[in-house]
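The values are calculated or read from the model by the stated rules, or taken from the named source; none is laboratory data. Keep in mind the model is a prediction, meaning the values are calculated, not measured. Neighbour counts are summed over all protein chains in view; Cβ atoms, including those assigned to glycine, are modelled from backbone coordinates with ideal geometry. Note: accessible area is taken over every heavy atom of the protein model, side chains too, but ligands, DNA and RNA are not part of it. Shrake-Rupley method; radii C 1.70, N 1.55, O 1.52, S 1.80 Å.
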Amino acid sequence: MTSLTTLQGSVLAICRVHQLAQTATGFGVTAIDKRPVAGPVNFRKMGVFGDVQGDRQHHGGLDQAVYAYSQEDADLWGAELGRTIEPGLFGENLRTVGVPVTDAVLGTRWRIGTTLLEVSAPRTPCATFAERMGEPRWVKRFTEAGRIGAYLRVLEPGRAEEGDAITREFVPAHGITVGKFFCGPSLAEVLELQELGRAGELNLSGHVERQIPKLLARLS
């Protein structure tokens, strides 16, 4: 793993659940309604303090404790959809500025305030997300655009707040980003991730581990 301590950007907003809602699609209760909170916020192993994970099997757990999305990608969606993509609208906990979230290498570590986060997996759009957005063919459009943002695990619980700098402390040498893994890695890249995981050099999330056999079967 390569050490690389550089200032990347900052936190535009920290968001947590505003209220739980029953999904119209029948997937149960969702906590996707995230909204910005003011002042310092504690980050714990399961994510932002006071937040809720409505579906830990698919969109939560320790490996997907925090979801980050960049303002730059939100602005592109805003222009395409003709509406403002407010922080939290995509269900994200962190809205960043100046940070290439989708282009973050799997395993990259970010320091925000006293909290240390690690990029762990891409976001996979679902029916609940489509319901929230109310846009036609939303899952397909979001998938095809590839601007999916990143899930993070909390390595060191701490505190952070709006305006805090995001410092990149470590970047793995393999170079495979969450966007690349989501949109279509090469066979060599998938095999490299698998080997790094087996060797204990990269802590693969459950989502990535489950996708590797599927990708190998398709690419071999």
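A few points about this structure:
- Test: residue in region 85-101 that is touching a residue at least 12 places away in the same chain (Cβ under 8 Å), within 19 Å of Glu169 (Cα to Cα), open to solvent by 20 Å² or more (accessible area, probe 1.4 Å) and not small (Gly, Ala, Ser): yes
- Residue satisfying condition, being closer than 16 Å to Thr124 by Cβ, at pLDDT below 95 and surrounded by fewer than 20 Cβ atoms within 10 Å (Cβ to Cβ), within set Gln19, Gln8, Gln53: Gln53
- Of all residues in region 170-220, those satisfying the criterion of being outside any loop (DSSP other than H, G, I, E, B), under 30 Å from Pro87 (Cβ atoms) and open to solvent by less than 40 Å² (accessible area, probe 1.4 Å) are Val171, Thr177, Val178, Gly179, Phe181, Gly206, His207, Val208.
- Selection within region 28-45 - assigned to a loop (DSSP other than H, G, I, E, B) and not small (Gly, Ala, Ser): Ile32, Asp33, Val37, Pro40, Lys45
- The residue pairs whose first member lies in region 134-161 and is over 24 Å from Leu202 (Cβ atoms) and without any contact (Cβ under 8 Å) to a residue 40 or more places away in the chain, whose second member is open to solvent by less than 60 Å² (accessible area, probe 1.4 Å) and in a helix (DSSP H, G or I), and whose beta carbons are closer than 6 Å, counting only pairs six or more residues apart or on different chains, are Trp138/Ala130; Val139/Ala130.
- Residues of region 109-145 satisfying the condition of being in contact with a Phe, Trp or Tyr (Cβ under 7 Å, 6 or more places away or on another chain), at pLDDT 95 or above and polar (S, T, N, Q): Thr115, Ser120
- Scanning region 103-124 for residues that are within 16 Å of the chain's Cα centre (by Cα) and surrounded by fewer than 18 Cβ atoms within 10 Å (Cβ to Cβ) turns up Asp103, Thr124.
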